[in-house]
Amino acid sequence: MNSTLTGAVAVYLAQVRAELSDLPPGELEDVLDDVSGHLAEVAAESEAEPTAEALQDRLGTPRQYADELRTAAGYPPRAEQSSDQAGWPALRWGLIAATVGPFLVVIGGISPVFILLGLITLFGAAFFGVRALHGNDPRIVLETAQGQRLAASIRNLVDQIPPNLRHELVSIGQPVWWVARGVVGGGGFFALFGAGAVAVVGALAGAAVSVWIGRRTQQDRRWLWYVVPLNVVATVIVPAWLAFSFVGGSAYGLFGGYNDYRGSSGTDYAYASGLTMDGNRIENIYPFDEQGRQVKVRLYDQDGKPLKVEIQDCVGYWGTDPSSTRPSESNQFPQAMILPDSEGNTSADNCKDSDKAPFIPPAAPVSSPPTATTTPTPSAGTSTKPSTTPTTSPSASAPNSPRPSVTLTISPTR
């Protein structure tokens with residue numbers, strides 16, 4: 001069979017093949033070789049590539065053309081089969097592939113097992129759907145009662161789109177969608193399993209494969225049983241991927257929960273709640289006064305909101321507090337922290353806690369004493385009077401220190 005036929009001619013040949021699928025395989029290939037040659041001659045007679053309508057005007061419908069071939073070759077008529085018997089099993093498997101499979105893949109964040117089950121369900125149901133066609137034209141599913149209702153619902157939705165926008169979505173949006181789903185599929189696969197270094201290469205390869213599949217589906221509609229379920233998965237994952245990328249998320253966040261990592265170390269990342277500083281969690285605060293004495297304080301932010309951390313004393317950890325109104329967080333610092341014993345145990349029987357700082361605070365910086373100021377000497381003939389408040393040097397309070405200096409401010413009088 002000639003494999004160079006493209007476009008409507010290739011689709012017409014595939015439909016004729018479906019109509020003759022009951023013939024023995026060897027005889028079917030001989031007949032199709034003749035048919036492909038005839039179609040190539042018909043296509044060559046046209047200046048442009050013929051459309052499906054032009055082929056049907058010239059040769060009749062694919063079924064009529066196949067019936068003429070049967071009569072000319074002496075083959076018996078094709079045994080008629082109801083549309084429901086031929087198309088419903090294929091449609092049913094297609095619906096399973098497009099619903100159950102994507103659902104399991106999308107909820108794969110719960111467990112990677114769901115991703116595996118989803119892919120098995122998706123491709124398995126699609127395979128059985130293609131097998132259920134038994135060589136018939138895939139459009140046969142639209143002749144079933146269920147297929148007609150589904151097609152009518154889709155047409156109603158499509159009719160809501162303005163014609164000019166509909167044309168743009170097909171001519172421009174479709175190739176863009178092919179690339180987007182390939183980039184996310186190829187790049188996300190490697191990023192999901194930690195191979196971020198080759199994610200870009202995977203994205204480019206995925207885009208190329210996705211475009212090839214899109215073009216292939218236009219020629220062989222049986223690929224729809226695989227492409228439609230994958231499109232459902234991509235419809236959910238592509239917007240989610242873009243949203244996570246916009247807010248600084250990662251590919252893993254789509255499946256395993258969102259983690260906004262800020263560094264490479266084990267503790268250098270942002271927590272979702274609680275107090276943090278430079279990406280590190282703050283579990284306690286130990287305030288000291290200027291004399292180096294530990295004090296208790298309550299801390300609030302600029303809006304008067306209390307700064308709280310989780311209480312981690314023995315009562316809070318082991319739940320031995322008889323009061324049911326005890327809060328789980330507090331803004332009073334320092335808070336009591338559990339002290340492990342010499343063997344590192346912190347059991348409920350020997351649990352001890354303390355709010356004493358586990359470190360010695362550094363000495364407070366020494367501030368330099370204020371310098372004395374001297375007023376200008378008044379000119380002759382002016383009277384003076386002393387100021388009422390002397391200024392004493394801070395060193396005057398220290399024992400065995402020299403007499404404190406006193407500064408008098410003298411103002412001229414008129």
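Here are the numbers for the structure shown:
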item	result
Cβ crowding within 10 Å averaged over residues, with 181-188, 118-125 ranked highest first	181-188, 118-125
Area of Met337 that stays accessible when all protein chains are in place (1.4 Å probe, Å², to 10)	40 Å²
Burial order of peptide ranges 354-364, 136-146 (average beta-carbon count within 10 Å, highest first)	136-146, 354-364
Fully extended contour minus Cα-Cα distance, from Phe127 to Tyr300, at 0.36 nm per residue	56.0 nm
Mean Cβ count within 10 Å, highest first, over the residues of peptides 153-163, 19-29	19-29, 153-163
Rg and Dmax [Cα atoms of the stretch 49-169; Å; Rg one decimal, Dmax integer]	19.4, 61
Spatially proximal aspartates and glutamates relative to Lys308 (Cα-Cα < 20 Å; intrachain offsets below 8 disregarded)	Asp278, Glu283, Asp321, Glu329, Asp353, Asp355
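The values are calculated or read from the model by the stated rules, or taken from the named source; none is laboratory data. Here the structure is a predicted model, which means the values were calculated and not measured. Neighbour counts are summed over all protein chains in view; Cβ atoms, including those assigned to glycine, are modelled from backbone coordinates with ideal geometry. We work out accessible area using only protein heavy atoms, side chains counted, and drop any ligands, DNA or RNA first. Shrake-Rupley method; radii C 1.70, N 1.55, O 1.52, S 1.80 Å.
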